[in-house]
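Computed from the coordinates by the stated procedures, all read-outs in this text should not be read as laboratory data. A quick note: this is a predicted structure, and the numbers were derived from the prediction, not measured. Because the Cβ atoms are built from the backbone with ideal geometry, glycine has one as well, and the counts that use them run over all protein chains shown.
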Amino acid sequence: MMRMKFLLLTVFLSVFCNRLTAQISSPGLGETNNASWSAIGIKQQLDEKNTSVSYVGFGRISGMDESNPFGYPALFVLNEEVSHKINNHWKYSGAISYRRAHEYGEDVAEPEQEMIEQEFRLYGRVKYTTTLGRFKWTNTARQEARKFYTEDFSRVPDDLQLRTRLKSQLYYSLDHDRENIVTASAEALFSISKDRSEGWDNLNYKEARFCLYYTYNPDDFPMIFDVGYMNDLIGTGNNISDVSYIAFDIIIENPFSS
């Protein structure tokens with residue numbers, strides 16, 4: 001059943017695969033039943049070709065035996081990304097991110113089992129976009145370098161990870177003014193980690209994420225509103241963890257422009 005669900009989602013999004021500058025997609029929050037993601041950001045046009053997007057985000061989880069997606073704190077994110085538009089098709093960007101994650105033992109409800117993991121992340125991505133009437137199709141390659149620490153900045157065994165993310169996104173404008181947009185996306189994640197004592201392991205597939213978002217971007221109001229759903233399939237074969245997310249974000253546009 002899980003493999004069939006994975007296959008159907010892949011086929012659907014491959015055929016029907018955002019307003020990329022608007023949506024703050026949910027990060028992964030690990031193995032749980034349900035999860036939630038909320039964020040608020042600022043999108044500032046620096047000049048004709050360069051744009052800055054800054055945001056702060058919060059993730060919460062239900063735990064493995066519960067269903068409330070707002071049950072327990074899971075992640076705090078502070079992110080800054082600057083993008084450069086080469087032409088109507090190509091864009092590249094670079095970013096830095098700080099993340100503070102709550103790691104739980106077998107029983108998420110037991111506070112003494114909770115640990116804090118801190119992460120500093122650098123990433124760059126390249127996007128290619130094609131416009132087809134009301135459709136816009138974007139394919140993205142993203143490379144990340146992730147460094148992990150404990151709560152007091154001590155080192156952890158697997159403290160360095162390189163991760164590759166390949167994503168395909170399609171958005172459809174529901175009106176000619178492009179105020180109402182529906183977005184679908186599919187993303188595959190691969191990573192390789194370095195153990196302090198054993199060195200680098202092999203590059204492996206880790207998970208797939210599928211999203212469906214609705215965006216409201218009114219022309220006469222400098223804010224963008226996104227609400228969406230993400231299905232995160234972690235693992236392979238018969239060992240797949242299926243996590244459902246609800247997500248909401250608000251982006252303020254060009255607050256520092258005259």
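Full extension of the chain between residue 180 and residue 229 gives 16.0 nm of extra length, using 0.36 nm per residue less the Cα-Cα distance.
If we sort 211-217, 231-237 on the protection proxy, mean other Cβ atoms within 10 Å, highest first, what's the order?
Values: 211-217: 19.7, 231-237: 16.1.
Going from most to least packed, we get 211-217, 231-237.
Can you give the calculated 222 nm mean residue ellipticity of the chain, where each DSSP H run of n ≥ 4 adds -39,500 (n - 2.57) and the sum is split over every residue, rounded to the nearest 500 deg cm²/dmol? Taking each H run of at least 4 residues, the total per residue is -2000 deg cm²/dmol.
With kT/(6 pi eta Rh) evaluated at 20 °C and eta = 1.002 mPa s, and Rh the Kirkwood radius from Cα pairs, the range 2-253 diffuses with a coefficient of 112 µm²/s according to Stokes-Einstein.
Three principal axis extents describe the C-alpha atoms of the range 113-244; from largest down they are 58, 33, 29 Å.
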